[in-house]
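The values are calculated or read from the model by the stated rules, or taken from the named source; none is laboratory data. Since the model is a prediction, treat every value here as computed from it, not as a measurement. So basically every Cβ, Gly included, is an ideal-geometry build from the backbone, and we count neighbours across all protein chains shown. Calculation scope for accessible area: heavy atoms of the full protein, side chains included, ligands and nucleic acids excluded. Shrake-Rupley method; radii C 1.70, N 1.55, O 1.52, S 1.80 Å.
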Amino acid sequence: MKRYLTLLMLLLLTFATVEGSPAKAWYDPLELRFAPQADVKSLEAKLEGQSMIFQVSTYSGLDDRIDYYTGRIFLDLKEGGSTSGEAKGADYQLAFYMSPKNMSGSCAVLAFNDVKLQWEETKAASCSIKASGGKLVIDTDLGKYVKGSFRFKAYFDILAKDIIKISYLLSNSGRASIDGDYAEYKIPQISGQQGNAIAPIDYKEVYVLDDLSRVYLALVPSSQDGVKCELGGPGAKLTRNYFVDIDVDMNETNGVDLTGGYSYECTFNGRKWFPFTVYAGTGSGIMIGKAVEFDIKLLPVLSQISSRGGKFDIIVRASMIYRDYVPDTGWLLYDGMPDASSFEVVGPNTDVNMNEDLSIFKSIGSASGIYRIALGGPGADPSYQGDPSFKFLKRKDGLYGGVEFNGKEFWASYGRIDYAVIKISRIGEGYYCSVAGVTRYGTRAGLIWLSQNMGMLSTGTYLIGWIDNGNGIVEMSEISLLAGGS
């Protein structure tokens, strides 16, 4: 009997290990309001024995018109790790890609070498990637190195390619115009040709200037701003890279290959443009106003062109890459903090009544346990003014209208733009959270954001922002983390 009980206990322990820890998900706001997008909806983490499993869900779903989904997940599991850059503190990273066209992909584990101060692929751990239920699932055995909790951050890309081929006759025709800046305009345009792209191509023409020894090509954005930069929250950050590979095909061979183009970073403050220099081939690239110009030297191959009557093909391969960072700032923490269903919410009647529809919490309006959330802005709780890391700001009329966080001011517009300060404290075995909005809309936004992301937060102070999409309703897709956390 004793032996039977021992075997039974071992069996139960085995099952407990396999079952693993509860999954914890980070919910990201909808940042880019049109496709194509790599806008991550949620990143879920789970430990099952030695396995560490990440599930990535995007707002647009897995689209087979996308050529590749790629990305990296940075992990901070132990002391040391990367000493600089966006991955500072990370000692492992998962580098992966997935093609939704044929459901094939690959994943590699890289470890940071603290002696050489560089990333190296390691065989001491493995990972895999697959598509399941419309999500990307990345599975690694790095869970064997986890002791209690760990931190992670990630970025995800989508890559969509477009190929356009036009024929050109070398004729010393002179310079073509850019948006009418020059009178002579003899070069064929490729406006409106989109190929396999799933959104308007970001250029409207390729123009050519030749002097019988060189050809100048330029990509001109489709408008002064290119594709719109519409982000759903003040903390949103998406980067769009636009790579261009130009193949001047003289005789049905690869010819002269150049890689260049431009990129921009799309933030709430607008767009920043960056030109790309041509690194390969016999040419150079420079930014000219709204265009990127490529100088291709043809002198070594003029005899080939002449033998074909001066006619050759120009092949433009445009690759659009969108990048989304999760989270937009800081790290995510996987630890033992309970989820929202364990917390009781209390506060002034105004805030309690406005949020009593949030059934995710254990209770709203009363509390008796050790996991609590207190609602109310500076008007309801003057103690907020005693915290040196932030302070609520009054307008000229004496009413609260903004908040200063880490020395930067954020001003609200009632019912349209609001902010909230969230504080998480550990008291004994329990957790105490406070959510204070500039107005009751900010308080609701803070409570919604906290309810969705509590499982991956640590103790500390956070600032979130909310921008309404016009319907007057506070929604998770409109809320962004601006600052704070670990």
Answer from G407, G401 - the residue that is open to solvent by 30 Å² or more (accessible area, probe 1.4 Å) and farther than 30 Å from S60 by Cα: G407
S149, sole failed condition from (1) surrounded by fewer than 17 Cβ atoms within 10 Å (Cβ to Cβ); (2) without any contact (Cβ under 8 Å) to a residue 40 or more places away in the chain: (2)
Conditions (1) within 23 Å of the chain's Cα centre (by Cα); (2) buried (at least 19 other Cβ atoms within 10 Å of the Cβ); (3) among the small types (G, A, S); number of the one not met by G133: (2)
Filter result (modelled with pLDDT of 85 or more, assigned to a loop (DSSP other than H, G, I, E, B) and not acidic (D, E)) within region 470-485: G470, N471, G472, I473, V474
Verdict on G402 being more than 16 Å from C433 (Cα to Cα) and either assigned to a helix (DSSP H, G or I) or more than 31 Å from the chain's Cα centre (by Cα) (or both): no
Residues located in region 321-364, provided they are closer than 15 Å to Y431 by Cβ, touching a Phe, Trp or Tyr at 6+ places or on another chain (Cβ under 8 Å), open to solvent by 50 Å² or more (accessible area, probe 1.4 Å) and not polar (S, T, N, Q): K362
Identity of the residue in region 418-428, hydrophobic (A, V, I, L, M, F, W, C) and touching a helix residue (DSSP H, G or I) at 6+ places or on another chain (Cβ under 9 Å), that ends up farthest from L482 (Cα to Cα): I424
Which listed residue is modelled with pLDDT under 90 and either hydrophobic (A, V, I, L, M, F, W, C) or open to solvent by less than 90 Å² (accessible area, probe 1.4 Å) (or both), from G376, G415: G376
Qualifying positions in region 437-469 - open to solvent by less than 20 Å² (accessible area, probe 1.4 Å), over 22 Å from G402 (Cα atoms) and assigned to a loop (DSSP other than H, G, I, E, B): L457, S458
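Yes/no matrix, rows are residues, columns are (1) among the aromatic types (F, W, Y); (2) out of contact with any Cys (no Cβ under 7 Å at 6 or more places or on another chain); (3) outside any strand (DSSP E or B); (4) under 14 Å from A154 (Cβ atoms):
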site: G61; (1), (2), (3), (4): no, yes, yes, no
site: R65; (1), (2), (3), (4): no, yes, yes, no
site: I73; (1), (2), (3), (4): no, yes, no, yes
site: K88; (1), (2), (3), (4): no, yes, yes, no
site: L94; (1), (2), (3), (4): no, no, no, yes
site: N102; (1), (2), (3), (4): no, yes, yes, no
site: K116; (1), (2), (3), (4): no, yes, yes, no
site: E120; (1), (2), (3), (4): no, yes, no, no
In region 31-59, residue modelled with the lowest pLDDT [restricted to those that are open to solvent by 10 Å² or more (accessible area, probe 1.4 Å) and assigned to a loop (DSSP other than H, G, I, E, B)]: A35
Residue in region 82-95 that is more than 19 Å from G330 (Cα to Cα) and surrounded by 14 or more Cβ atoms within 10 Å (Cβ to Cβ) present: yes
Residues of region 388-398 classified as part of a loop (DSSP other than H, G, I, E, B) and surrounded by fewer than 13 Cβ atoms within 10 Å (Cβ to Cβ), total: 5
Residue within region 424-436 that is modelled with pLDDT under 90, crowded, with 18+ Cβ neighbours inside 10 Å and at positive phi present: no
